[in-house]
Amino acid sequence: MLGGARAWAVWAVGLSAYVVAVLHRTSLGVAGLDAQVRFDIGAGTLASFAVLQLLVYAGLQVPVGVLLDRFGSLRLVVGGAVIMAAGQALMAFSDGITGAVIARVLVGAGDAMTFISVLRLVPQWFPGRRVPVVTQLTGLVGQLGQVLSAVPLAALLAGPGWTTAFISAAAAGIFVAVVALVALHDSPQRRVSSGEALTLRQLGSDLASAWRHPGTRLGLWTHFTTQFPGTVFALIWGYPFLVAGEGLSRGTASVLLTVFVLTGMAAGPVVGVLVQRHPLRRSWLVLGVIAANALGWGLIIAWPGRAPLAVLVVLVLALGLGGPGSMIGFEFARTFNPPNRLGTATGIVNVGGFVASLVSILLVGLILDARTGGQATYGIADFKVAMSVQYAIGAIGLIGILRTRKLARQRLADEQGLIIRPLREVLAERGWFSGERIGKH
């Protein structure tokens, strides 16, 4: 039966791989200030590391989605873990920019293979009524990886140092790869599942069909708009903002990043239950999350000088809702696409948030460099100006959501035969505006 103890065990194995993937993804955030000293680089170059990592991640989402439909979750989860471990090992011993760049490319490539592969396990192992909640749990419990980077990894950086910290991260990657290889199963019926071989023509057709459906694009814009504020904060700029901008200690900054993660974990199940019970109101939840993120940063930017700790807590609580909100995008992909192209549609959706994140990260870094002349001497005013660029990115995503939501509703109505046309058009078809009707009535 779906959803039993075996299902939870398999899901836990996949989830552990995703937790470690998030650790790898966010490791540069807590190491940002150390990386600037180690590689003698400014904010713009540091941002380019994260942008390159996210560019690789986003660029591989659709190809990985296609591979997932073809080869299943097990092989991709194991491969992704090994690739990320190699990247972290390279970063541990890199003293120059070239090695660091290659390391972040490897991390981005392995990360791209992990999340959607774990998501693919959920509908295979759990009944449909549980899928929204388990999907939320997957995304949010996985964010424990940010806690691992914010606390143990940060402690290793401050203590034993750079090499020990990144070698430890690589070891964690190898460990979960071995566990997945031993215990992960693609479905209750098969340990390794393989889809039908795809021709280029069929591949193009599946991609086009997934993209043409406005529900898929609604998922993409949902992910685009809700995910990037939290990703920008957790992946690279949150830690420098809190330490260099707001003047907090490294320990306090790590605690706030942990609160950010725990907020998402607490809100995720609630959002999952709401999506399960009110599937036709999912987009309103998304709009609420967007409003919370905008208000959180608005409070910080409007506050004169450095904000007190209580206001910073409000910010991280607001940003913590972004993860649960972004998971609704995958629900749009799941409910608007057939199972045979679910991996492809999920990959398309997952591109959204990371494209928005990489653009925002790069713009923040460029603005900081422009204001400080490339020196790592940031003040709170510099961060306020730089972080304001997120409003422009969010506005683009909001327009995309409102437009595709309307199109998705129209498409759903057409498919269900619930086409509602203007009354005048219906009456005209029935002759109410003809001369004969006017004469008789």
Considering only the range 271-281, how many residues are touching a residue at least 24 places away in the same chain (Cβ under 8 Å) and open to solvent by 70 Å² or more (accessible area, probe 1.4 Å)?
-> 1
Scan of the range 35-85 for residues that are open to solvent by 10 Å² or more (accessible area, probe 1.4 Å) and among the hydroxyl-bearing types (Ser, Thr, Tyr), ordered by number = THR45, SER48
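Out of curiosity, is GLY264 farther than 22 Å from PRO132 by Cα and either open to solvent by less than 50 Å² (accessible area, probe 1.4 Å) or part of a helix (DSSP H, G or I) (or both)? Walk me through how you get there before you give the answer.
Details: farther than 22 Å from PRO132 by Cα: no; either open to solvent by less than 50 Å² (accessible area, probe 1.4 Å) or part of a helix (DSSP H, G or I) (or both): yes.
No.
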GLN202 at pLDDT below 90 and within 19 Å of ARG250 (Cβ to Cβ) = no
Working carefully through the options VAL271, VAL255, VAL314, VAL286, find the one that is within 17 Å of the chain's Cα centre (by Cα) and over 15 Å from GLN143 (Cβ atoms).
-> VAL286
Kindly check whether there is at least one residue in the range 190-212 that is buried (at least 24 other Cβ atoms within 10 Å of the Cβ) and either in a helix (DSSP H, G or I) or touching a Leu at 6+ places or on another chain (Cβ under 6 Å) (or both).
-> yes
Which of (1) under 28 Å from VAL107 (Cβ atoms); (2) out of contact with any Ser or Thr (no Cβ under 8 Å at 6 or more places or on another chain); (3) among the β-branched types (Val, Ile, Thr) is the odd one out, the single condition VAL179 does not satisfy?
-> (2)
Out of the range 142-167, which residues are part of a loop (DSSP other than H, G, I, E, B) and small (Gly, Ala, Ser)?
-> GLY142, GLY159, GLY161
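I'd like to check something: does the range 331-345 contain any residue that is without any contact (Cβ under 8 Å) to a residue 12 or more places away in the chain and either not in a helix (DSSP H, G or I) or not charged (D, E, K, R) (or both)?
Here is the first cut: in the range 331-345, the ones without any contact (Cβ under 8 Å) to a residue 12 or more places away in the chain are 338.
Next, only the ones that are either not in a helix (DSSP H, G or I) or not charged (D, E, K, R) (or both) stay: 338.
Checking the range 331-345: at least one residue is without any contact (Cβ under 8 Å) to a residue 12 or more places away in the chain and either not in a helix (DSSP H, G or I) or not charged (D, E, K, R) (or both).
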Which of the residues spanning the range 87-118 are assigned to a helix (DSSP H, G or I), more than 20 Å from the chain's Cα centre (by Cα) and surrounded by fewer than 21 Cβ atoms within 10 Å (Cβ to Cβ)?
-> ALA89, LEU90, ALA92, PHE93, ILE97, THR98, GLY99, VAL101, ILE102
Take LEU412 and decide whether it is assigned to a helix (DSSP H, G or I), more than 23 Å from GLY44 (Cα to Cα) and either at pLDDT 85 or above or open to solvent by less than 20 Å² (accessible area, probe 1.4 Å) (or both).
-> no
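Mind checking which residues of the range 353-374 are polar (S, T, N, Q) and either under 10 Å from ALA47 (Cβ atoms) or open to solvent by 40 Å² or more (accessible area, probe 1.4 Å) (or both)?
SER360
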Given the structure, is THR26 polar (S, T, N, Q), under 14 Å from VAL147 (Cα atoms) and modelled with pLDDT of 80 or more?
-> yes
With (1) touching an Asp or Glu at 6+ places or on another chain (Cβ under 9 Å); (2) surrounded by fewer than 19 Cβ atoms within 10 Å (Cβ to Cβ) as the list, and ALA291 as the residue in question, which single condition is left unmet?
-> (1)
Failed item in (1) open to solvent by 50 Å² or more (accessible area, probe 1.4 Å); (2) under 11 Å from the mean Cα position of the chain (by Cα), with ASN350 passing the rest | (1)
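The values are calculated or read from the model by the stated rules, or taken from the named source; none is laboratory data. Fair warning: this is a prediction, and the values are worked out from it, not measured in the lab. Reconstructed Cβ throughout: ideal geometry from the backbone, glycine too, with neighbour counts over all protein chains shown. Just so you know, the surface numbers come from the protein's heavy atoms only, side chains and all, with ligands and any DNA or RNA stripped out. Shrake-Rupley method; radii C 1.70, N 1.55, O 1.52, S 1.80 Å.
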